[in-house]
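Below: the structure, in structure tokens.
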Amino acid sequence: MAKLYFKYGTMGSSKTANALMCRFNYIQKGMNVLVMKPKIDNRHSTSEIVSRIGLSAPCYTFASNENLLNFYEKENSLSKIDVVIVDECQFCSKKQVEQLREIAENLPVLCYGLLTNYKGELFEGSKRLVELSDSISEIKTVCECGRKATMNGRFLGGVLVVEGKEIEIGADEKYKGLCYSCFKKEQQKANVYNKILKYINIFKEKDSVGEWSSDTSMDNIVLHKPHVVYDEDVQAFINDFKEFQIKNPNEAIIVNNSLKDLKKITMKDKSFDYIMTLIAYVLKFEKGTPGLLKALIEEGVLLKWLKQVKKVINQKSI
Ligand SMILES: [Zn+2]
């Protein structure tokens, strides 16, 4: 039927595989299918659509300012087209969706793509498709936890990206379909990461982060055991850190709480979660081993750990 269809799903919901199966069905019936997708960047093959399960098909890629109605009319005059399939339709411009709407007056136009971006907001193309489509359907998939995935998490180095452009060309990032609850957890983790990163610059500049104190009474009797009174920056660090929930407490890193042993831990290949757990344990040890944090900061050990966090975030994956 000559209709405009919008079939949306999250990342990993086999949208492209669905598009390719649909194409196959039409071809089997002897129909001429025009497959198209918007040109985003040159990272991947621009002449075909490829699904994760290994299916692929040749396709036409169009620029963001290309008139799709003109292109369709030209192609149709050369060889009559029966069906149009658009993959990654979220990247179409508003105008292009309106052109697809016009094409759909003559033949079925099936659009496959994401509904929302990594912030949970509608893409320009998807918004117009919601407004203009005759038929809207969801290609469902599950989150890692088993709930239905509704959000598209964008990850850089294993940490959710919480701000930036809608499309980051050339960035080595990964997308994952998540339920809202898991998305929120990843968001909290990312916020902690972003907070913690600023301490690299703060601690780098410091020679001393606190003073030893042992409160005594008028007649010099010690009221409290010696402890370190930390400066505002360290107190802020400790507070910011409280928000981080250790992911796998059962897989806690067994470390001796002596400064010597902590210094020995090599950071090579250590993950975000490993380091965060390590820091959480150090903060816990501080109660029984006063001054541990002071020594770790002043000797540059904590800085080394934080730099490793930064490094893994900027790498492909944790
Ligand atoms: Zn989930």
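When the dipole is taken about the Cα centre of the chain, and only Lys, Arg (+1) and Asp, Glu (-1) are charged at their Cβ, what size is it in debye, to the nearest 20?
On the way: 47 positive and 40 negative charges, 169 e Å.
In total the dipole reaches around 820 debye.
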For the chain, cysteines whose Cβ has no other cysteine Cβ within reach (under 4.7 Å): 22, 59, 92, 145, 182
Quick check on my link table: of 95/140; 7/270; 7/174; 7/80, which ones sit more than 31 Å apart, alpha carbon to alpha carbon? 7/270
Given a 1.4 Å probe and the protein chains all in place, what does the accessible area of residue 24 round to, in Å² to the nearest 10? 110
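Which order do you get for 126, 79, 135 if you rank them by accessible area with a 1.4 Å probe, largest at the top?
Values: 126 0, 79 60, 135 30 Å².
Ranked from most to least accessible, the order is 79, 135, 126.
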Hey, in the GNM for the chain with a 10 angstrom Cα cutoff, which one of 226, 290, 58 fluctuates hardest? 226
Which residues in the range 72-103 place their backbone N less than 18 Å from a point set 7 Å from the Cα of residue 27 along the Cα-to-Cβ direction? 79-88
Given the options 191, 67, 201, which has the most mean-square fluctuation in a GNM of the chain, springs set between C-alpha atoms less than 10 angstrom apart? 201
What figure, in Å² to the nearest 10, do you get for the accessible area of residue 128 with a 1.4 Å probe and non-protein molecules left out? 50
If you wrap the range 4-138's Cα atoms in a convex hull and average its projection over all directions, what's the area in nm²? 7.8
Cross-link partners among aspartates and glutamates for residue 204, C-alpha distance below 20 Å, same-chain residues fewer than 8 apart left out? 231, 232, 233, 240, 298, 299
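May I ask you to rank 213, 47 by accessible area, largest first, using a 1.4 Å probe over the protein chains only? List each step's numbers first, then the result.
Details: 213 30, 47 70 Å².
Final ranking, largest accessible area leading: 47, 213.
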If each DSSP helix of 4+ residues adds -39,500 (n - 2.57) and the sum is divided by the residues in the chain, what number results at 222 nm, nearest 500 deg cm²/dmol? -12000 deg cm²/dmol
If I require 24 Å or longer along the helix axis, counting alpha carbons, and a Kyte-Doolittle average no lower than -1.0, what helices from the chain are left? Use full DSSP H segments. 180-204, 272-288
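Compare 266, 10 by solvent-accessible area with a 1.4 Å probe and give them largest first, with all protein chains kept in place.
Details: 266 85, 10 10 Å².
From most exposed to least exposed: 266, 10.
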Considering only the range 1-110, what is the antiparallel percent among its DSSP beta bridges, to the nearest 5? 20
Go ahead and set up a Gaussian network model of the chain, Cα springs under 10 Å, then flag whichever of 36, 267, 11 fluctuates most. 267
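The values are calculated or read from the model by the stated rules, or taken from the named source; none is laboratory data. If you're wondering where the values come from, they're calculated on a predicted model, not measured in any experiment. Methodologically, a virtual Cβ is constructed for each residue, glycine included, from the backbone with ideal geometry; neighbour enumeration extends over all protein chains shown. Just so you know, the surface numbers come from the protein's heavy atoms only, side chains and all, with ligands and any DNA or RNA stripped out. Shrake-Rupley method; radii C 1.70, N 1.55, O 1.52, S 1.80 Å.
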